[in-house]
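Here, each number is a calculation from the coordinates, and none is a lab measurement. Quick caveat: nothing in here was measured; it's all calculated off a predicted structure. Every residue, glycine as well, gets a Cβ built from its backbone with ideal geometry; the counts of neighbours run over all protein chains shown.
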Amino acid sequence: MSTLIPPPLSLYIHLPWCVRKCPYCDFNSHAGKGALPFDAYIDALIADLDQDLPLVWGRVVSSVFFGGGTPSLFPPEAIARILDAASARLRFAPNAEITLETNPGTAEHGRFDGYLKAGVNRLSFGIQSFNDQALHKLGRIHDSAQAESAVKLAQDAGFDNINLDLMYALPGQDLAAAEHDLQRAFALDPTHISHYQLTLEPNTIFFAKPPKGIPDEDAAWDIQEHCQMMLADAGYAQYEVSAYARAGRQCAHNLNYWRFGDYLGIGAGAHGKISSGAEQHVLRRWKHKHPQTFMDTAGTPASIGGDDIIDASRLPFEYMLNLLRLHEGFSERDFSSRTGLEPAAIAAALGQASQRVWLTGKDGFWQPTELGRRFTNDVVELFLP
């Protein structure tokens, strides 16, 4: 009988406000109206954390991630306050990775130094493109000059671990334009680049009214293949579907997600996943999405949008949904320790994936093939109950 062993733990903190909602965005973000309630929201985050602490007593936090929304709307003092509160309640690992998502359009001179002093040691810039026309179509509030300036300001402040988010297959974008975006990114010498395709997600403006000129599937694939070669030639190794990093600079927080690690999620709409060794189950918990509702109920059971213990029959799918995003592969031993299930639970699906040359395995260790990485969704579906 296999035993579920709690994996590494991360902390996710959701800061839900933006200056303006982008037409492609399906995250829980809300356009700010007037002065934002920074102090009240940090109070709510602390109350939310206190409520969830019994789920993770004694465990070490390996990474922290401020997502949104636009976390850089919050001043360094607010970020410092929640980090101080969290580190007083949880054991932070030495040199824990602490990431703050930032929008170049909200970057102000002097703030980056404040974030660094607060404890943030990694920044993720939502740049999306260095083409001003493309940025306008995407509804971004910054231009390419502001993007470059913001990254340089952060580097001057002392940040040496920086991710740049870039999209491809944008409206009207051709191969040359996508290549130009990467060249501009390389010139800034980030340690990490997230390079992902624009998708039309339900409940977004772009889904209801698709913009004209989006490259078709073949053109998007050509852009992807060409950009992957450019990234490799520039020293960025692909380790996940859309993530590329210098040696040793992979995003520790996201790696923990993809390795089916645990994460405590606090804030409006935040999701968490917590494994219990005592109960031998995996719990998913999420909070109410609307910021005001969250603040009004934080620290009480009313703030919890739902608790869901993952049925054992779904654990193989949930595990593979994450692990198969990575190039590194997985071992049957890790599968058992993260799910509490015997390897026999996935033997038939692994056999099918091997026959189709989607996965290759030896001595209980499995990796996606190049073909398998191209058809990740099809591979994952093999593990559905």
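Label point of A93 set 7 angstrom out along Cα-Cβ; within segment 6-24, amide nitrogens under 12 Å from it belong to 7-11.
Output the pairs from K33/K289; K152/K287; K117/K289; K33/K137; K21/K287; K209/K289 with a Cα-Cα distance over 27 Å in this structure; if there are none, say none. Mind showing how you got there, number by number?
Working: K33/K289 17 Å; K152/K287 36 Å; K117/K289 30 Å; K33/K137 23 Å; K21/K287 21 Å; K209/K289 24 Å.
Result: K152/K287; K117/K289 exceed 27 Å.
Relative contact order (percent) for the chain, with alpha-carbon contacts under 8 angstrom and 6 or more residues of separation? The normalised contact order for the chain reaches 19 percent. Identify which of K362, K287, K212 has the largest mean-square fluctuation in a Gaussian network model of the chain, with springs joining Cα atoms closer than 10 Å. So, out of K362, K287, K212, the one fluctuating most is K362.
The label-point distance for H271 and A234, in a model that sets each label 7 Å from Cα toward Cβ, rounds to 3.0 nm.
Within the chain, what percent of beta bridges assigned by DSSP are antiparallel, to the nearest 5? The antiparallel fraction comes to roughly 40 percent. When the trypsin sites (Lys or Arg not before Pro) in segment 1-95 are filtered for DSSP coil states and for at most 12 other beta-carbon atoms within 10 Å of their beta-carbon, the remaining sites are K33. Taking Cβ separations below 4.7 Å as the criterion for a possible disulfide partner, the isolated cysteines in the chain are C18, C227, C251. Matching the structure-derived Kirkwood radius over Cα pairs in Å against the labelled list (i) 21.1; (ii) 24.1; (iii) 21.9 gives the label (iii).
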